[in-house]
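Engineer: Could you have a look at this structure, given as structure tokens, before my questions?
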Amino acid sequence: MEHPFLDLNLGEFSWCLHCERVHKTASWQAKDWECPACGAGALDVRPWEEVRGLVEGYPERPEEGKYYLQYPGESAQAAGA
């Protein structure tokens with residue numbers, strides 16, 4: 001699925017830079033490109049594959065709604081880990 005105005009192919013899952021959760025890209029699209037969890041805008045969406053490439057050990061198929069921290073060592077407490 002294409003991003004509404006950035007040159008990104010989002011795939012099945014998308015990650016939110018604001019709340020660090022993953023949702024199906026179709027859920028973002030259904031909410032007019034706002035994060036289903038926190039309402040962040042379209043500039044905060046990133047392809048799951050991009051985030052997965054930054055953090056070793058993240059699954060190929062993420063659990064929808066789960067926190068996947070961009071910098072796990074720095075913000076794990078904030079996510080309740």
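The values are calculated or read from the model by the stated rules, or taken from the named source; none is laboratory data. Bear in mind the structure is a predicted one, so any value in this text is a computation, not a measurement. Reconstructed Cβ throughout: ideal geometry from the backbone, glycine too, with neighbour counts over all protein chains shown.
Engineer: Tell me yes or no: at least one residue of the range 27-50 is among the basic types (Lys, Arg), within 11 Å of the chain's Cα centre (by Cα) and at pLDDT below 95.
Structural biologist: There is at least one residue in the range 27-50 that is among the basic types (Lys, Arg), within 11 Å of the chain's Cα centre (by Cα) and at pLDDT below 95.
Engineer: Give me a count of the residues in the range 8-24 that are farther than 17 Å from Ala37 by Cα and in contact with a Lys or Arg (Cβ under 9 Å, 6 or more places away or on another chain).
Structural biologist: Number of matching residues: 2.
Engineer: Further, regarding this structure: What are the pairs, 6+ residues apart or on separate chains, where a residue within the range 56-74 that is touching a residue at least 24 places away in the same chain (Cβ under 8 Å) has its Cβ under 9 Å from a residue that is surrounded by fewer than 10 Cβ atoms within 10 Å (Cβ to Cβ)?
Structural biologist: If the second residue must be surrounded by fewer than 10 Cβ atoms within 10 Å (Cβ to Cβ), the pairs left are Tyr67/Gly80; Tyr67/Ala81; Leu69/Ala81.
Engineer: Does Gly53 count as outside any loop (DSSP other than H, G, I, E, B), surrounded by fewer than 16 Cβ atoms within 10 Å (Cβ to Cβ) and modelled with pLDDT of 90 or more?
Structural biologist: Working: outside any loop (DSSP other than H, G, I, E, B): yes; surrounded by fewer than 16 Cβ atoms within 10 Å (Cβ to Cβ): yes; modelled with pLDDT of 90 or more: yes.
Yes; evaluated as a whole, the condition is true for this residue.
Engineer: Across the range 57-81, which residue is surrounded by the fewest Cβ atoms within 10 Å (Cβ to Cβ) among those that are among the acidic types (Asp, Glu) and at pLDDT 90 or above? Please lay out each step first, then the result.
Structural biologist: Looking only at the range 57-81, we keep the residues that are among the acidic types (Asp, Glu), and these are 60, 63-64, 74.
Restricting the remaining residues to those that are at pLDDT 90 or above gives 60, 63-64.
Numbers: Glu60: 8, Glu63: 11, Glu64: 13.
Once the filter is applied, the top-ranked residue is Glu60.
Engineer: Here's something else I'd like to know. Of all residues in the range 11-50, which are in a helix (DSSP H, G or I) and either β-branched (Val, Ile, Thr) or under 21 Å from Gly73 (Cβ atoms) (or both)?
Structural biologist: Thr25, Trp48, Glu50
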